[in-house]
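Have a look at the structure below before the remarks.
The values are calculated or read from the model by the stated rules, or taken from the named source; none is laboratory data. In this text, all values refer to a predicted model and were calculated from it rather than measured experimentally. A quick note on method: Cβ atoms are made from the backbone with ideal geometry, for glycine too, and the neighbour counts reach across all protein chains shown. When the accessible area is computed, the model is the full protein with side chains, heavy atoms only, and any ligands, DNA or RNA have been set aside. Shrake-Rupley method; radii C 1.70, N 1.55, O 1.52, S 1.80 Å.
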Amino acid sequence: MTATTTPPTTTPVVSTDSTPALGGGSRYPTARLTLGQMRRSTGRLAAAGIAILISTAFVTVTLLVGNIVTSTTYDQVSARYADADLVVSHSSWELTPEDAEAAGAVDGVAAVQAQQTYFTELSRGGKVVYQSIAAHPADERLSPLRLAEGDWPQGQTDIALPTDVAERLGLGVGDTVNANRWIVDPEPEVQEDGSTWYDNQEVTEKLTVTGLVEDPYQAYALTGGMAVVSAATLDQWVADDSGPDSSPTYDALLVALDDPAALEEARQALAEAVPSATDVLTTQEYAEQVVAEMSGGQNIVFLVFVLAFAGVALVVAGLVIANTFQVLVAQRSRMLALLRCIGADTGQLYRSVLLEAAILGLIASVAGVVLGALLVQAGLLVAPSFDLGVPLPGTISLNAAVVLVPLAVGVLVTLVAAVTPARAASRVAPLAALRPSDAPTLRGAGKVRAVLATLLTVGGVALLVGGMAMGRTGQADLGILAAVLGGSVSLVGVIVGAVFWLPRVAGAFGRLVGTSGPAARLAAANTQRNPRRTAATATALLIGVTLVSMMTTGAASARVTLDQELDAQYPVDLQVGTTSSDDEGNPSAMPGDVTDAVRGVGDLRAVAEVTTYVAETTDEEVVPVVAATPEALTSVLNTPEGAEGFGPGTLLVPAGVAKNYGLEGRDTITLSGPAGEVTLDVVPSDLRTHDAFLTPLDLAAITPAVAPNALWAGVADGADVAATVAALQDAVSATEEAVEISGAVVEREAYQQVIDVILGIVVGLLAVAVVIALIGVANTLSLSVIERTRENAMLRAIGLTTGQLRGTLAVEGMLIAGVGAVLGIVLGLVYGWAGATAALGNVGTVPFVVPWAEVGVMLAVALVAGLVASVVPARAAVRTRPVAALAAE
Amino acid sequence: MSTQTAPVVRARSLSKTYGRGEAVVRALDGVDVDFEQGRFTAIMGPSGSGKSTLMHLLAGLDSASGGQVFLGETEITGLGDKALTRLRRDRVGFVFQQFNLLPMFTAEQNITLPVELAGGKVDRAWLGTLVETLGLGGRLTHRPGELSGGQQQRVAIARALIAQPEVVFADEPTGNLDSRSGAEVLSFLRRSVRELGRTIIMVTHDPSAAAYADRVVLIADGKIAGDISDPTPESAMAGLDALRTLEPAVTTGRTGA
Ligand SMILES: Nc1ncnc2c1ncn2[C@@H]1O[C@H](COP(=O)(O)OP(=O)(O)O)[C@@H](O)[C@H]1O
Ligand SMILES: [Mg+2]
């Protein structure tokens, strides 16, 4: 590079200032330039700012909620230790009853309570709860529970129940409840080979409800509440359950002191008295330790899960920002060129755009953090009016991470998004200042981009297909991994390549609508003028819509597959059986009033009376059978096709039963019983029941115990499962007969609810990204209106009505939004189905399910949003008088 | 007024072609011309004759297809972007026909911007001189939107001169002005040369504008077609007419070296 020679000194007035070397230009003019340009572009930047604001608010809310979850968890955990002063703990659960005694003997210790929970099944009528039970401590300070009614339990058969559990079981103080628990035999059984083991028996005891307890600090809110029995009873139950050879161990002993102020001495003394203890901690220290161990798990998973969606929102916001800055740079190109003419170097223009992005990012992020904090605070204010069963803090607690992480992320995303536009700004040639052209278009997309996009798309699709294949062959783990990776890579490819194909698709759509009039034709042509911008705007929407559509499709496909699987897994919805048996050991006959009661329950599709029996085969084996008429069986099964070929003289043998009872490969089978023998033709079935089926007549040939002893019922399609089950429970318990209700329908319903809830949350989180993308559509539209002010004025001057101008912009907005939405929906359908196949391919064939309702909603939202997005720009366009616009530079 | 000063800008066999094949346009075709220091020179020719192209090449705003341009001892044809930027900061000033000023800055901020971009300190005395010479007192705090077209061009002239460049290029600086404002701007340009000792090269198609210059270089079809010293509106007009009637190159007074 040629060095400049000394210029001839010709200045008659004053001497030239020495100018510093290039690149050392002060930041000051850049900053002032930036601020000046920002002031002129406030409106244009505002929409981009809102995109960042929403995303950072999202991140802030996530972090704040994460903190609340942590602190709520801490509150609940620490509530469990009630007002204990100290906790003697052992990290691997090795404290013994002797340690507890030793601790109790320490001077100044008022009471010691070992942390111990027992579980038992409580039942009354047809209703069953699986209840956790703790001992009533010697000192009130060691329990977070308070007595609401009645007395604390004292005797061997006393129990105090949580108020809500008692209500669910329909119990009051003084009532009795059945408790099932296991007792290990005192003497071991000796095997033939000399080894010994303890057998155990299930016993049912009647317990008296002496009191109702409440949990004011919600210590057990998330574990279904805690019932209380006396310490002696609990010790007995634990001992019964674990057998004579083992003694219970604890992870913590809660200690109450006579004088809480003498904490340190007591701590010392306890450490000496229980040398095996890992730690002697204050309640607070111990709770912190417990929460720290927990938060490695669920809290992190929650944060990562939700932050992933915040990430999607940020990516979409980044696209909106990039788009806005690209337009701004294009619009300012003459100004930038002028600056280059008067000595601005490329770095100054580059920095100017980046500084603008940084300022925008910072302002928007600060606003986002504030908005996020306000939203969570508002949530906390209204939360108490919903009964969440969890004590929430009254105010949010801000910490450095909650404020700084969203700020940093927001500014960073804005900066990264502005890099390409900034480079475009620095490339504006000085000569552009002298050209009469309005807004020079930015450089077109290059070959490298095309190659990269193709590679990513093809490679990603290959991975995706591979993942589906793996899913089908049973490698679901690897399959999902490959599918997620492939899906992400191909989506990136599609986005990178959007500039090539998306405008063409928009053009095709445009030609379709273009037939409807000049305004529509104009709109279609406008979308083709700046392919890059059209592509970027539609892409932002496409990402959001793709993800939403993917989740709904994936869930719909998964739902159908899981439904099929659940039908097969649980062929019968509900079963009512008797709990007593006759002298022969067969279940007692079903009392008639129960049958009537069950038949009286609405919302049941079918009720079948069946007889269960254990038949003997000729080779001294047994096989459990169920007798039912073919009509009754078919009516009650969720997969009736499994009963095909079943009739008199046949034994319907499900594959699993054949395998378990050695009946494989047999054409006929002879069953025997007290009444005789019967030879039946084997009809194989793919039903997944645990019994074989025969007709009642055939059963009568081998046993006189043919009276129905069970009822099978199917819940009607579309019925409220929980309500139906509850109605059934109520109906059955009203008969006061010894029967129990079991059935898969509740479990199955729970599965479906989990899918629905997760899906709802995921779609809700992704919707944030869609909202941001729609803001992007509005922004692009208004930017292009500003850019076309003169042109629009010219069109008005040659006879375009204001209505037509509005129409043009509306069609343009709807075209961009519609193209983004349609393409996103199509991509989402494919991704969703592929993902469901990879995950569930080994469970069953995953059908390609189009969730039409959701698809319709997404399309409608996009089109309406495109229309709405055109309103403000259209007003601006219409307001400009033709003459004024033409005169304006 | 000296006529024997060294040339500050020189073009040698300068040519510029646009497009290719059938559509090729020879905008400049072997131009040799010198511009002396401390003089006000007008480049005049009919529309499309290559005036703007010549100016762009002389100022290093565009790359030549052939030939050389020197600013002082520096050959600017073939300089890289960094060197050209430095050149624009320190040694060259511009005044355009339109869109000269940044709308968000005041007149003063617009004037001092080049110095600030270069990271230098504004010479207040020189600024004062410029403001006085160009009659901008009392207008410094106004934004471009609040200034008349003529005032805007005077601010642009002040900006072009603030870094005391070796040469100022002006492309049709009066093209957008009414004749009164145009005359005003032109006399300010001439004052800048006479009183402040600056060098100005102005492109115009208007003989009466060219008459404000010390010298007129005529250009037609991308070639130098004449040279008029100390032009009057009449002599400039005659030169332009001679070009239109396709007469051979006219030369009056002293010929460019
Ligand atoms: N960027 C360009 N591309 C193609 N042709 C150009 C370009 N700029 C100028 N020209 C052509 O070069 C010739 C000279 O143009 P110009 O220097 O602008 O003329 P003037 O300023 O004298 O009116 C004209 O024929 C014009 O059409
Ligand atoms: Mg021109």
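If you scan region B:33-49, which residues turn out to be within 15 Å of ligand 1 (Cβ to nearest atom), open to solvent by 10 Å² or more (accessible area, probe 1.4 Å) and either free of Cβ contacts under 8 Å to residues at least 12 places away in the same chain or within 14 Å of the chain's Cα centre (by Cα) (or both)?
Selection gives B:Gly48 alone.
Take B:Ala118 and decide whether it is open to solvent by 10 Å² or more (accessible area, probe 1.4 Å) and at the interface with chain A (Cβ under 7 Å from one of its Cβ atoms).
no
Could you please find all residues in region B:197-221 being in a loop (DSSP other than H, G, I, E, B) and either on the phi > 0 side of the Ramachandran plot or more than 15 Å from ligand 2 (Cβ to nearest atom) (or both)?
B:Gly197, B:Arg198, B:Thr199, B:Ala211, B:Tyr212, B:Ala213, B:Asp214, B:Asp221 - these are the residues of region B:197-221 that are in a loop (DSSP other than H, G, I, E, B) and either on the phi > 0 side of the Ramachandran plot or more than 15 Å from ligand 2 (Cβ to nearest atom) (or both).
Find the residue count for region A:293-315, including only residues that are at pLDDT below 80 and buried (at least 17 other Cβ atoms within 10 Å of the Cβ).
Number of matching residues: 6.
Yes/no matrix, rows are residues, columns are (1) outside any helix (DSSP H, G or I); (2) buried (at least 24 other Cβ atoms within 10 Å of the Cβ); (3) modelled with pLDDT under 90:
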{"residue": "A:Leu339", "(1), (2), (3)": "no, yes, yes"}
{"residue": "A:Gly343", "(1), (2), (3)": "yes, yes, yes"}
{"residue": "A:Glu356", "(1), (2), (3)": "no, yes, no"}
{"residue": "A:Ile359", "(1), (2), (3)": "no, no, no"}
{"residue": "A:Ile363", "(1), (2), (3)": "no, no, no"}
{"residue": "A:Val366", "(1), (2), (3)": "no, no, no"}
{"residue": "A:Ala373", "(1), (2), (3)": "no, no, no"}
{"residue": "A:Gln377", "(1), (2), (3)": "no, no, no"}
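What do you reckon, is A:Leu171 in a strand (DSSP E or B) and either surrounded by 13 or more Cβ atoms within 10 Å (Cβ to Cβ) or not assigned by TED's automatic domain parsing to the domain that holds A:Thr117 (or both)?
No: the conditions fail for A:Leu171.
Within region A:617-631, is even one residue assigned to a helix (DSSP H, G or I), in contact with a Phe, Trp or Tyr (Cβ under 7 Å, 6 or more places away or on another chain), open to solvent by 20 Å² or more (accessible area, probe 1.4 Å) and in contact (Cβ under 8 Å) with a residue 24 or more places away in the chain?
Looking for residues that are assigned to a helix (DSSP H, G or I), in contact with a Phe, Trp or Tyr (Cβ under 7 Å, 6 or more places away or on another chain), open to solvent by 20 Å² or more (accessible area, probe 1.4 Å) and in contact (Cβ under 8 Å) with a residue 24 or more places away in the chain, one finds at least one in region A:617-631, hence yes.
Kindly list the number of the only condition in (1) modelled with pLDDT under 90; (2) away from every other protein chain (no Cβ under 14 Å); (3) away from ligand 1 (no atom under 16 Å from the Cβ); (4) open to solvent by 20 Å² or more (accessible area, probe 1.4 Å) that fails for B:His142.
Every listed condition holds for B:His142 apart from (1).
Taking strands (runs of 3 or more DSSP E) that fall entirely within region A:189-274, which contain at least 2 residues that are open to solvent by 40 Å² or more (accessible area, probe 1.4 Å)?
Once the strands (runs of 3 or more DSSP E) in region A:189-274 are filtered for at least 2 residues that are open to solvent by 40 Å² or more (accessible area, probe 1.4 Å), what remains is A:200-214.
Checking B:Ala6 against (1) under 17 Å from A:Leu431 (Cβ atoms); (2) more than 16 Å from ligand 1 (Cβ to nearest atom); (3) among the small types (Gly, Ala, Ser), only one condition comes out false. Which one?
(1)
If you take just the strands (runs of 3 or more DSSP E) that sit entirely in region A:689-798, which of them hold at least 2 residues that are of a type outside the set (Val, Ile, Thr) and either open to solvent by 50 Å² or more (accessible area, probe 1.4 Å) or farther than 24 Å from A:Val636 by Cβ (or both)?
A:739-742
Residues being in contact with a Lys or Arg (Cβ under 7 Å, 6 or more places away or on another chain) and more than 13 Å from ligand 1 (Cβ to nearest atom): count how many of those fall in region B:202-216.
3
For (1) more than 14 Å from chain B (Cβ to nearest Cβ); (2) modelled with pLDDT of 80 or more; (3) out of contact with any helix residue (DSSP H, G or I) (no Cβ under 8 Å at 6 or more places or on another chain), each residue gets a yes or a no:
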residue: A:Thr10; (1), (2), (3): no, no, yes
residue: A:Val13; (1), (2), (3): no, no, no
residue: A:Tyr28; (1), (2), (3): no, no, no
residue: A:Ala47; (1), (2), (3): yes, no, no
residue: A:Thr56; (1), (2), (3): yes, yes, no
residue: A:Leu64; (1), (2), (3): yes, yes, no
residue: A:Ile68; (1), (2), (3): yes, yes, no
residue: A:Ala79; (1), (2), (3): yes, yes, yes
residue: A:Val88; (1), (2), (3): yes, yes, no
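All but one of (1) in contact (Cβ under 8 Å) with a residue 24 or more places away in the chain; (2) within 16 Å of ligand 1 (Cβ to nearest atom); (3) not polar (S, T, N, Q) hold for B:Val25; state the number of the condition that does not hold.
(1)
From the list B:Val31, B:Val25, which residue is within 16 Å of ligand 2 (Cβ to nearest atom), modelled with pLDDT under 90 and hydrophobic (A, V, I, L, M, F, W, C)?
None of the other options fit; the residue is B:Val25.
If we only count helices (runs of 4 or more DSSP H) wholly inside region B:103-196, which ones have 2 or more residues that are within 16 Å of the chain's Cα centre (by Cα), under 24 Å from B:Leu58 (Cβ atoms) and not small (Gly, Ala, Ser)?
B:149-161, B:179-196
Tell me which of these A:Arg146 doesn't satisfy, since it passes every other one: (1) under 37 Å from the mean Cα position of the chain (by Cα); (2) surrounded by fewer than 20 Cβ atoms within 10 Å (Cβ to Cβ); (3) closer than 21 Å to A:Asp251 by Cα.
Here A:Arg146 meets the rest and fails (3).
What residue, of A:Val610, A:Val548, A:Val572, is in a loop (DSSP other than H, G, I, E, B) and open to solvent by less than 20 Å² (accessible area, probe 1.4 Å)?
Exactly one residue qualifies, and that residue is A:Val572.
Quick one: count up the residues across region B:42-78 that are part of a strand (DSSP E or B) and either within 16 Å of ligand 2 (Cβ to nearest atom) or facing chain A (nearest Cβ under 9 Å) (or both).
Final tally of qualifying residues: 6.
Can you tell me which of (1) within 14 Å of chain B (Cβ to nearest Cβ); (2) of a type in the set (Phe, Trp, Tyr); (3) within 20 Å of A:Ile50 (Cβ to Cβ) is the one A:Phe325 doesn't meet?
A:Phe325 satisfies every listed condition except (1).
So A:Ala865 fits all but one of (1) at pLDDT 80 or above; (2) within 14 Å of another protein chain (Cβ to nearest Cβ); what number is the exception?
Unmet condition: (2).
Given the conditions (1) modelled with pLDDT of 90 or more; (2) farther than 29 Å from B:Lys82 by Cα; (3) within 16 Å of ligand 1 (Cβ to nearest atom), and given that B:Ala125 satisfies all but one, which numbered condition is not satisfied?
The number of the failed condition is (3).
Within the set of pairs 6+ apart or on separate chains, which have a first residue in region B:87-99 that is more than 7 Å from every other protein chain (Cβ to nearest Cβ), a second that is assigned to a strand (DSSP E or B) and open to solvent by 10 Å² or more (accessible area, probe 1.4 Å), and C-beta atoms under 8 Å apart?
Listed by first residue and then by second, the contacts come to B:Val95/B:Asp171; B:Gln97/B:Asp171.
Scan B:Leu127, B:Leu102 and give me the residue that is facing chain A (nearest Cβ under 9 Å) and either surrounded by fewer than 24 Cβ atoms within 10 Å (Cβ to Cβ) or free of Cβ contacts under 8 Å to residues at least 24 places away in the same chain (or both).
Criteria check complete, one pass: B:Leu102.
Run down A:Gln156, A:Gln131 and say which single residue is part of a loop (DSSP other than H, G, I, E, B) and either in contact (Cβ under 8 Å) with a residue 60 or more places away in the chain or closer than 30 Å to A:Ile741 by Cβ (or both).
A:Gln156
Looking only at region B:60-86, count how many residues are modelled with pLDDT of 90 or more and within 16 Å of ligand 1 (Cβ to nearest atom).
Residues meeting the conditions: 5.
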